[in-house]
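Written out below as structure tokens is the structure these notes cover.
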Amino acid sequence: DDDIITVFTTRADTLFGCSFFLLAPESKLLRGLVEGTEYEAPVMELVEAAKKVTAVQRAQGDHEKHGAFTGRYVVNPINGEKVPVWVGDYIVADYGTGAVMAVPCGDQRDFEFARKYDLPIIPIILSEDDPLYPQLKDEQGRVVTTVDWPEAYAAEGVLVQSGSYTGMTGGKHSEGEAAIVAALEEMGRGKRTVEFRLRDWLISRQRYWGNPIPAIHCEKCGVVPVPEEDLPVRLPEDIDLAAGETLATHAGFVNTTCPVCGGPAKRETDTMDTFTCSSWYYMRYTDPHNVHAPFNPEKTNAWMPVDQYIGGIEHAILHLLYSRFFTKVLRDCGLLDFDEPFTNLLCQGMVLDAHGDVMSKSKGNVVSPEEMIAEYGADAVRAYILFLGPPEKEKLWNEDGLPGMYKFLNRLWRQVHDLCGKAGDETLFAQKPADEAAVGAAKKLIRERHRVVEKVSADIERNTFNTAIAAIMELSNAAGEYLRAFSPDDRAACEDHRALDAEVAEVLVKLVAPFTPHLADELWREALGREGFVYDQPWPEYDPDQARADEVELAVQICGKIKGRVTVAADAPEPEVLAAAREAVAAALEGKTVKKEVYVPGRLVNIVAV
Ligand code: ANZ
Ligand code: ZN
């Protein structure tokens, strides 16, 4: 007949691999398909059996799949082929359309189903190194309809046995997928869509914390909402939770009067899931003192969405889904003019103990920052934690480097004072006349000042704070060399020096401020003699041209092993660089023939020689 059954698929590229068609046991279509036929009994038996197991359980990968043939066929829109219709108990009725184009070669559940009921498994996507690929790469029709694979084919690859799409890449968002979707849209037999899977959400909880559900139960009037002017309903604070008291046993909370008839009534004592708070709290931050409404949309629209959201991966699924849901509902209500709450998400990795175990109070392996802060200060501890590695990576806690960070910050402190002409007794200066090396140190400091600002700016944007701190250390090293090369008196006597000193001091303080704000503000006022706070200051500028080194040192490798180093002009042409590199390792090359040379500008030259 002419009925059309719609399916939802994320893999339109696999349409040629569809060898059967599945309906959920709850499908309303089933009865009509099998009524009065020999297939009615087995299909209805399966439908009854499926009722005894929840749909969630049935859809789980490890649950044994059950199915029955309906005796009917559908036509595959892409190639006109007849495909048998089965009922399958792992198909979820309320996801997508409750009907699935089964592709056993690409979907593990369909694969297991095909194996169990001996249905064809048609390979339609292969990687080019697959043994079947040479045989099928030009094949437009069907030659292979079953495979000896142990499981469905997870690899991305090239479409085979797929009509005119054969040879295109397959996979999500692939060339083949785009082409097949376009063809279906053209024929009016399919369209792109977005599918959500948000289950019903029971928000009521039987516990004290959580926001009260503003409802009143009256014997006469039933469930009555608390009138708006009586909101919010507040939790009682005189409750003895330790003694086992609950909202339901707290007479002062429970007993109230009915807002409709004025008779005695009882408050709802369930509270709401805490997700009902965490799904929109960030909007409240945009208008925290508002006593009339959750927020003033004007303010919320001005501040939101959140530019950078940070949280543990444990919040990634439900919290983000609910937050988006709340945002979209509020948008649909006309309260918000944006539709995604967060622009960027950073999931920070956990800090584990030295053995790689999660820290927890019950395991007694929690390290407390208080003691470290008491010894080294909050700035050193914060900078050290950020220095441990990229924030999204898991880290093993190790305190050994903390004294090193503390030493670095102390050195930075002295250097900034030195640069400001406030040298203390501990500073080490070479009281010697400026020579070529000293000039080199000054040039290097100027270059580092620009390079490190560029690097730290980019690292902060990428949230790689560890490499930003490492770069500040490099600038500090350059400052150290410079300070050792010129005496304070020489620097004080020269205008150029004074300008450079002041500039580098300011840059160091501003760069380190996000990581060690206390230290930075102290230096800002004490050493630099400025007012206010660093966070009110503009971020330092840099000149990309000055950040480039005029000379670079390259490692010279022979067959991947470093055999020497060579210094060349940063913009030296490749033949010149290669010649210099060969000369630097001439001894090691003796008696060998150079087969190949690879130049990675700014880093290395690798010579393959045998
Ligand atoms: C063909 C196909 C080929 C699929 C392939 C997957 C892999 P997600 O990504 O979770 O949204 N599907 C659709 N509706 C379903 C339902 N009601 N019950 C069970 N499975 C259903 O999953 C989308 C995929 O899940 C869809 O893409 C469909 O199988 C299946 F190599 O279609 B697919
Ligand atoms: Zn009443």
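For the range 36-46, filtering for residues that are more than 20 Å from Tyr117 (Cα to Cα) and buried (at least 17 other Cβ atoms within 10 Å of the Cβ) leaves 0.
Mind listing just one residue for me: the one in the range 208-219 that is aliphatic (A, V, I, L, M) and within 16 Å of ligand 2 (Cβ to nearest atom) and, of those, surrounded by the most Cβ atoms within 10 Å (Cβ to Cβ)?
Of all residues in the range 208-219, those aliphatic (A, V, I, L, M) come to 213, 215-216.
Restricting the remaining residues to those that are within 16 Å of ligand 2 (Cβ to nearest atom) gives 215-216.
Working: Ala215: 13, Ile216: 22.
Among them, the one singled out is Ile216.
Taking the range 9-35 only, how many residues are part of a loop (DSSP other than H, G, I, E, B) and either open to solvent by less than 50 Å² (accessible area, probe 1.4 Å) or within 16 Å of ligand 2 (Cβ to nearest atom) (or both)? Reasoning before the result, please.
From the range 9-35, those part of a loop (DSSP other than H, G, I, E, B) are 9-11, 18-19, 24-28, 35; that's our starting set.
If we keep only those that are either open to solvent by less than 50 Å² (accessible area, probe 1.4 Å) or within 16 Å of ligand 2 (Cβ to nearest atom) (or both) too, we end up with 18-19, 24-25, 27.
Qualifying residue count for the region: 5.
All of (1) open to solvent by less than 30 Å² (accessible area, probe 1.4 Å); (2) closer than 30 Å to Glu503 by Cα hold for Leu388 with one exception: (1). One residue stands out among those in the range 47-73 that are of a type in the set (D, E, K, R) and out of contact with any strand residue (DSSP E or B) (no Cβ under 7 Å at 6 or more places or on another chain): the one that is least open to solvent (accessible area, probe 1.4 Å), which is Arg58. Of the residues making up the range 151-166, those that are open to solvent by less than 50 Å² (accessible area, probe 1.4 Å) and either farther than 12 Å from Thr14 by Cα or assigned to a helix (DSSP H, G or I) (or both) number 4. Figure legend. Inter-residue proximity from the range 363-385: first residues surrounded by 15 or more Cβ atoms within 10 Å (Cβ to Cβ), second residues outside any helix (DSSP H, G or I) and charged (D, E, K, R), beta-carbon distance below 8 Å, spacing 6+ or different chains. Indicated pairs: Asn365/Asp353; Asn365/Asp357; Met372/Glu399. Cβ-Cβ distances below 8 Å connect no pair with a first residue in the range 217-231 that is closer than 16 Å to Asn255 by Cβ, a second residue that is part of a helix (DSSP H, G or I) and more than 13 Å from ligand 2 (Cβ to nearest atom), and a separation of six or more residues or different chains. Condition first: closer than 30 Å to Leu396 by Cα and either more than 16 Å from ligand 1 (Cβ to nearest atom) or open to solvent by less than 70 Å² (accessible area, probe 1.4 Å) (or both). Can you find one or more residues in the range 282-292 that meet it? No.
Going by the conditions given, is Thr6 assigned to a loop (DSSP other than H, G, I, E, B) and within 16 Å of ligand 1 (Cβ to nearest atom)? Considered against the rule, which asks whether it is assigned to a loop (DSSP other than H, G, I, E, B) and within 16 Å of ligand 1 (Cβ to nearest atom), Thr6 comes out as yes. Restricted to the range 192-229, and to residues there that are within 16 Å of ligand 1 (Cβ to nearest atom) and of a type in the set (Val, Ile, Thr), the residue that is farthest from Val181 (Cα to Cα) is Val194. What's the total number of residues in the range 97-121 that are under 32 Å from the mean Cα position of the chain (by Cα) and outside any strand (DSSP E or B)? Final tally of qualifying residues: 11. What's the number of the condition Gly532 fails, among (1) of a type outside the set (Ser, Thr, Tyr); (2) in a helix (DSSP H, G or I); (3) open to solvent by less than 60 Å² (accessible area, probe 1.4 Å); (4) more than 21 Å from Met473 (Cβ to Cβ)? Only one criterion is unmet by Gly532, namely (2).
The residue pairs whose first member lies in the range 252-273 and is open to solvent by less than 60 Å² (accessible area, probe 1.4 Å), whose second member is among the basic types (Lys, Arg) and more than 7 Å from ligand 2 (Cβ to nearest atom), and whose beta carbons are closer than 6 Å, counting only pairs six or more residues apart or on different chains, are Val254/Lys266; Val254/Arg267; Thr256/Arg267; Thr271/Arg205; Asp273/Arg205. Ala587 fulfils the conditions (1) in a helix (DSSP H, G or I); (2) surrounded by 15 or more Cβ atoms within 10 Å (Cβ to Cβ) except for a single criterion, (2). Residues in the range 178-207 that are out of contact with any Gly (no Cβ under 7 Å at 6 or more places or on another chain) and either among the small types (Gly, Ala, Ser) or open to solvent by less than 50 Å² (accessible area, probe 1.4 Å) (or both): Ala178, Ala179, Ile180, Ala182, Ala183, Gly188, Gly190, Ser204.
When the residues of the range 549-566 are filtered to those that are in contact with a helix residue (DSSP H, G or I) (Cβ under 9 Å, 6 or more places away or on another chain), open to solvent by 80 Å² or more (accessible area, probe 1.4 Å) and assigned to a strand (DSSP E or B), which remaining residue is nearest to Ile446 (Cα to Cα)? Out of the qualifying residues, it is Arg565. Of the residues examined, Glu474 is one that is at pLDDT 95 or above and among the acidic types (Asp, Glu). Only one of the listed residues (Ala59, Ala102) is at pLDDT 95 or above and either within 30 Å of Ala179 (Cα to Cα) or away from ligand 2 (no atom under 16 Å from the Cβ) (or both). That residue is Ala102.
Of all the listed residues (Ala316, Ala302), the sole one being hydrophobic (A, V, I, L, M, F, W, C), surrounded by fewer than 15 Cβ atoms within 10 Å (Cβ to Cβ) and at pLDDT below 95 is Ala316. Applying a threshold of 6 Å to beta carbon distances and a minimum spacing of six or more residues, or different chains, the list of pairs starting in the range 84-101 at a residue that is within 16 Å of Thr54 (Cα to Cα) and ending at one that is within 6 Å of ligand 1 (Cβ to nearest atom) and of a type in the set (Val, Ile, Thr) reads Ile91/Val100. Considering Gln108, Gln135, the condition of being closer than 27 Å to Arg197 by Cα and at pLDDT 90 or above is satisfied by Gln108 alone.
I want to confirm something. Restricting to the range 64-96 and keeping residues that are assigned to a loop (DSSP other than H, G, I, E, B) and under 16 Å from Lys28 (Cβ atoms), which single residue is modelled with the highest pLDDT? I'd like the intermediate steps shown before the answer.
Residues of the range 64-96 that are assigned to a loop (DSSP other than H, G, I, E, B), as a first pass: 64-66, 76-81, 89-96.
Those still in the list that are under 16 Å from Lys28 (Cβ atoms) too: 91-96.
Numbers: Ile91: 95, Val92: 91, Ala93: 91, Asp94: 85, Tyr95: 85, Gly96: 87.
The qualifying residue modelled with the highest pLDDT is Ile91.
As for the range 236-248, it holds at least one residue that is touching a residue at least 24 places away in the same chain (Cβ under 8 Å), surrounded by 16 or more Cβ atoms within 10 Å (Cβ to Cβ) and away from ligand 2 (no atom under 13 Å from the Cβ). Scanning the range 9-37 for residues that are more than 8 Å from ligand 1 (Cβ to nearest atom) and either over 25 Å from Phe111 (Cβ atoms) or hydroxyl-bearing (Ser, Thr, Tyr) (or both) turns up Ser19, Ser27, Lys28, Arg31, Gly32, Val34, Glu35, Gly36, Thr37.
When the range 113-140 is examined, which residues are found to be of a type in the set (D, E, K, R) and crowded, with 18+ Cβ neighbours inside 10 Å? Answer for the range 113-140, where residues must be of a type in the set (D, E, K, R) and crowded, with 18+ Cβ neighbours inside 10 Å: just Asp130.
The values are calculated or read from the model by the stated rules, or taken from the named source; none is laboratory data. What you are looking at is a predicted structure, and each value in this text was computed from that prediction instead of being measured. In this analysis, Cβ positions are derived from the backbone assuming ideal geometry, glycine residues included, and neighbour counts consider all displayed protein chains. Just so you know, the surface numbers come from the protein's heavy atoms only, side chains and all, with ligands and any DNA or RNA stripped out. Shrake-Rupley method; radii C 1.70, N 1.55, O 1.52, S 1.80 Å.
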